[in-house]
Amino acid sequence: MSKKHVVVIGSGFAGLSVATHLAGESCSVTLLEKNETPGGRARKFEHQGFVFDMGPSWYWMPDVFEDYFARFGKKPSDYYDLIRLDPSYAVIYGEQEVLDIPANMDEFKAMLDRIEPGAGKQLDLFLEQAKYKYEVGIHDLVKRPSRSLLEFASPGLLVDMVKMDIFQSMSKHVCKFFKSEQIIRLMEFPVLFLGETAENIPALYSLMNYADIALGTWYPKKGMHEIIRGMVSLAEEKGVEIRYGSEVEEIEVEKGIAKRVRLISGEKIEADIVIAGADYHHVDKHLLNPNYSNYSEEYWDKRVMAPSSLLFYLGIDKKLKNLRHHNLFFDEPLGPHADAIYKNPRWPEKPLFYASVPSITDPTVAPEGKENMFLLIPLAPDLEDSEEMREKYYHIIMDRLEKITGQDVRSHVIYKRSYAHSDFKSDYHAFKGNAYGLANTLLQTAILKPSLKNKKVKNLYYTGQLTVPGPGVPPSLISGQVVAKEVIKENNL
Ligand SMILES: Cc1cc2nc3c(=O)[nH]c(=O)nc-3n(C[C@H](O)[C@H](O)[C@H](O)COP(=O)(O)OP(=O)(O)OC[C@H]3O[C@@H](n4cnc5c(N)ncnc54)[C@H](O)[C@@H]3O)c2cc1C
């Protein structure tokens, strides 16, 4: 049998994952990436000794990465060295209210007990359920292609799903176990990664608390981009041809079959199978003839997108105090900020924000005696994004950061780059400038997500954070795996 030629669009986690899974005896794989470097939202850039991860900074669910590399007889440690962070992160509720979250479980429980007597015991009960959800969710549910309800129609699984509280909100679930406002906010924080607030995320996702508290927060030395470097090396070892600076402008379809892709250079590349790891909306609405789109603009407009973000990459000419590797500034109430993201989209009056200072853990990401800092404000997608707004918000959060940590930061900033909606659009063709894809609400879970297969084009598939299983690095890796399995099955590879 002659080899099938698979064309994959996009070198993010999902594109690299699907390409690597398919490369081998029955397929030759060409991966086309519009940018000059791999990784998509997880690219990095360097400036005079500062090495900035552009997107993800939290390494959670180490077992998913182990499983990924093990599929090829490898281990993460063949490509990068992991450190478990302790404290995992700091939550800053105000000037005198900083919680260091210990990595050690007994210390974590003792911390909860100090805030709310008895909360440590409650945590055991909460985590017992969360562990079960993690095991069924991450080791089974997320690996289903979710193309039909029948996939979920086994009695055992239905019982599991009821047990997993998919119809209850995460916020109600947390309130059953804890009373203290501080603890509730701490337990609700991990679901923010899923692109919505705890009110609108099913309690199934307390599995994220298990990932946070039990499995821990890790950091790959030299930065998150090391994962991408490892994945690229593995993909090339398996024979994937990766072409950078190769933007796809059209997927050419004849009689319901994708025949080739056309690059903006005019070059055409023949394909037996096309897998799009670029943003789903961009592929569906801009790379395909409208007759072949899976969904209408109306459909896309009704999707609840995960937030966009305003980011700052800062090089600082001194060491900072009173900050950890990961710092969550929860010194303002979440309600009005969430309203500004989801209900009445606008720039928030008093934004919550996140500061990461990886040079505290890793001296290789900043010159000696200096600090590498990354600031992130989650924002509604599709906001008007101007230089003045970025600057205004830089000062709003810097005022608070300087006051709370008791130091002057701004006058020590020797490098500054901002990044927001318009950059997400121009760099990744991100729909409405989203950062994290589609929110994992109940109505956008499993079979209710945009399908991994085009309904009108027989050999066109989608992967990445806008299809199953959802946003985040581990789900994007799994998305590539799931799509590769479907492609192998449907094409008898
Ligand atoms: C600021 C930020 C912080 C985050 N923090 C975390 C975190 O801490 N932990 C976590 O787990 N997740 C985090 N995430 C989410 C995580 O980074 C994403 O879910 C994941 O990287 C998405 O991978 P992907 O492969 O689906 O998409 P992408 O990374 O976007 O890859 C798509 C690729 O397609 C390319 N492309 C687009 N159009 C074309 C075209 N026409 N032709 C060729 N190529 C094209 C793009 O250039 C891009 O490289 C974060 C994301 C952001 C933006």
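The values are calculated or read from the model by the stated rules, or taken from the named source; none is laboratory data. If you're wondering where the values come from, they're calculated on a predicted model, not measured in any experiment. Neighbour counts are summed over all protein chains in view; Cβ atoms, including those assigned to glycine, are modelled from backbone coordinates with ideal geometry. Side chains included, ligands, DNA and RNA excluded: accessible areas come from the protein's heavy atoms. Shrake-Rupley method; radii C 1.70, N 1.55, O 1.52, S 1.80 Å.
General observations
- Within segment 390-410, residues that are under 14 Å from Y93 (Cα atoms) sit with their Cβ atoms under 7 Å from residues that are of a type in the set (K, R) and assigned to a loop (DSSP other than H, G, I, E, B), at 6+ positions apart or across chains, in these pairs: T405/K321.
- Residue match in segment 422-445 (condition: farther than 25 Å from A306 by Cα and surrounded by 15 or more Cβ atoms within 10 Å (Cβ to Cβ)): no
- Total residues in segment 352-379, condition part of a loop (DSSP other than H, G, I, E, B) and either over 23 Å from the mean Cα position of the chain (by Cα) or within 15 Å of the ligand (Cβ to nearest atom) (or both): 8
- Count of segment 204-224 residues which are within 12 Å of the ligand (Cβ to nearest atom) and open to solvent by 20 Å² or more (accessible area, probe 1.4 Å): 1
- L82 vs. criteria at pLDDT 95 or above and either of a type in the set (S, T, N, Q) or within 20 Å of N209 (Cα to Cα) (or both): no
- Residue within segment 340-349 that is within 15 Å of the ligand (Cβ to nearest atom) and surrounded by 15 or more Cβ atoms within 10 Å (Cβ to Cβ) present: yes
- Any chance K403 is away from the ligand (no atom under 12 Å from the Cβ) and either assigned to a helix (DSSP H, G or I) or under 22 Å from N322 (Cβ atoms) (or both): yes
- Some residue of segment 174-191 being within 11 Å of the ligand (Cβ to nearest atom) and of a type outside the set (D, E): yes
- Some residue of segment 387-394 being over 25 Å from M54 (Cβ atoms) and not assigned by TED's automatic domain parsing to the domain that holds P469: no
- Residues being assigned to a helix (DSSP H, G or I) and away from the ligand (no atom under 16 Å from the Cβ) - total across segment 406-434: 3
- Within segment 350-387, the residues that satisfy the criterion of being of a type in the set (V, I, T) and open to solvent by less than 20 Å² (accessible area, probe 1.4 Å) are V357, V365, I377.
- Taking segment 243-348 and the strands (runs of 3 or more DSSP E) fully enclosed by it, the elements with 3 or more residues that are over 30 Å from P363 (Cα atoms) and in contact (Cβ under 8 Å) with a residue 60 or more places away in the chain are at 248-254, 257-263, 273-276.
- Screening G464 against (1) under 27 Å from P348 (Cα atoms); (2) within 16 Å of the ligand (Cβ to nearest atom); (3) open to solvent by less than 30 Å² (accessible area, probe 1.4 Å) leaves a single unmet condition, (1).
- Odd one out for E116 among (1) in the same structural domain as L234 (by TED's automatic domain parsing); (2) more than 16 Å from the ligand (Cβ to nearest atom): (1)
- When residues of segment 467-493 are limited to those that are of a type in the set (S, T, N, Q) and within 16 Å of A14 (Cα to Cα), the one surrounded by the most Cβ atoms within 10 Å (Cβ to Cβ): S479
- Residue among K34, K44 that alone is out of contact with any Gly (no Cβ under 7 Å at 6 or more places or on another chain) and basic (K, R): K34
- Members of segment 390-406 found to be touching a helix residue (DSSP H, G or I) at 6+ places or on another chain (Cβ under 9 Å) and open to solvent by less than 60 Å² (accessible area, probe 1.4 Å), listed by number: Y394, M398, E402
- Search result, residues across segment 98-110 that are of a type in the set (D, E, K, R) and touching a residue at least 12 places away in the same chain (Cβ under 8 Å): D100, K109
- Tally of residues being closer than 22 Å to T197 by Cβ, hydroxyl-bearing (S, T, Y) and out of contact with any Phe, Trp or Tyr (no Cβ under 6 Å at 6 or more places or on another chain) across segment 345-382: 1
- Residue under evaluation I184, criteria (1) of a type in the set (V, I, T); (2) in contact (Cβ under 8 Å) with a residue 60 or more places away in the chain; (3) surrounded by fewer than 20 Cβ atoms within 10 Å (Cβ to Cβ), criterion not met: (2)
- The set of residues from segment 444-478 being among the hydrophobic types (A, V, I, L, M, F, W, C) and assigned to a loop (DSSP other than H, G, I, E, B) comprises L452, V457, L466, V468.
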